[in-house]
1. Taking only Cα atoms, what is the 0 to 90° angle, nearest 10, from helix 271-281's long axis to the longest principal axis of the chain?
2. Give the distance, in whole Å, between the Cα centre of the stretch 222-259 and the Cα centre of the stretch 311-363.
3. Considering only the chain, what is the antiparallel percent among its DSSP beta bridges, to the nearest 5?
4. How would you rank Val345, Val65, going from fewest to most other Cβ atoms within 10 Å of each one's own Cβ?
5. In degrees, nearest 10, range 0 to 90: what is the angle between the Cα axis of helix 90-104 and the longest Cα principal axis of the chain?
6. What FRET efficiency would be calculated for the residue pair Asn322, Ala233, taking the C-beta separation as r and a Förster radius of 51 Å, to the nearest 0.05?
7. Pull out the extension gain between Asn304 and Thr63, defined as 0.36 nm times the separation in residues minus the alpha carbon to alpha carbon distance; nm, one decimal.
8. Using Cα atoms only, what is the angle between the long axis of helix 353-362 and the major principal axis of the chain, expressed in degrees (0 to 90) to the nearest 10?
Amino acid sequence: MYTEIIKIIEGGLKKDTKKVYGYAKLLADKLKKDGEAKLAETIMNIIGKSFATTVTLDELLTTPVDQESRLDIADVFVPGEEIGKIVLTRQVRQKVTEFVNTIKHKSELRGAGLTTPSTLLLYGAPGGGKTSIAKMISVETGLPLVIARFDAIVSSLLGNTAKNIRKIFEFADKKPCILFLDEFDAIAKARDDQYELGELKRVINSLIQNIDQFAQENILIAATNHQELLDRAIWRRFNNIIEVGYPGETEIKELIHLFTANYKTNFDNDVKQLDNIVKLLNGKSPSDIKNILHNAIASCVIKNNKELEFFDLIFGIYQFNNRGDLNIEHMVNYLNQNGITQNEVAEKLEVSMRQIRNYLNKK
């Protein structure tokens, strides 16, 4: 126990928060085993709050830079920043909660002889919420999120790329935080790709070595939109893997209510219209749904309309699906097939009823 106290003092004098944090946790574990549960809990509360916020944030202000471009190779998300509500499927939320609990109870797990790395790989289509999940984990654990910037890490000089990878891991290793590698496939591509250069394959080897060393004591999250490109060895480095898919019917309804919360709608209580909207939004990412709804609301605001009507949203979905190709005949048929009456189509598009019927009969 005296050893831990001495190490904590040494770490404090050297401003080595990683050392202070680690030995404070060891001290708390020992106190708990010796029957001093209350004191152990007090220590864990102190390091769980103070080190994850005040001390760590001071150290995170100066992020490493790429030697060639002088650009920062990392951004820092602070747990106190607003992220808003995140809509996830029940299965994804459950898996995320399980991962958060392994972080919160790491000391207890170590005391039981379990030393499983805290590593998580998120994969799925773009706009599914992978980055939002990483920020949510940061908020729920109280740990800052160090976000690797691969646009700066991947240098035109491959030798510098390997150095940047090492820099980002060393930077995150010195303080209690979560390292987040977004767009992970940018440097974690399969080494058997015949089109990749030998130097890039050495970069991947360096990445794997850094992950192995870092993950022993730290928390690592990676995300990719192209899981099929990842090297097979990369998959084995993550003991938690979550597929972040498209939202289901329940989640789409939640997203509609979330993104229209500050604007009146005329379809919210119409089960048939709402079901029709959900059907048309099926297969779209939360990011796409947000864009469709916000664009439709923006159009209403510009026209000085006081509420978002069913027509506005159906028309917005059509525009999203057919960007750059607004064929009037196709548009009329789409709107009519999805619950908009001929009279309303004619009125809103400012087209005669005779022309509307011609388009529909032609179809």
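1. 60
2. 35
3. Once the DSSP bridges in the chain are tallied, antiparallel ones form about 25 percent.
4. The fewest-first ordering by Cβ neighbours comes to Val65, Val345.
5. 20
6. 0.75
7. In short, 82.2 nm is gained.
8. That helix lies at roughly 70 degrees to the long axis.
Readers should treat all values here as calculations from the given coordinates under stated rules, not as data from a laboratory. Treat the numbers as computed from the prediction; the structure is a model and nothing was measured. All Cβ positions, glycine included, derive from the backbone under ideal geometry; neighbour counts span all protein chains shown.
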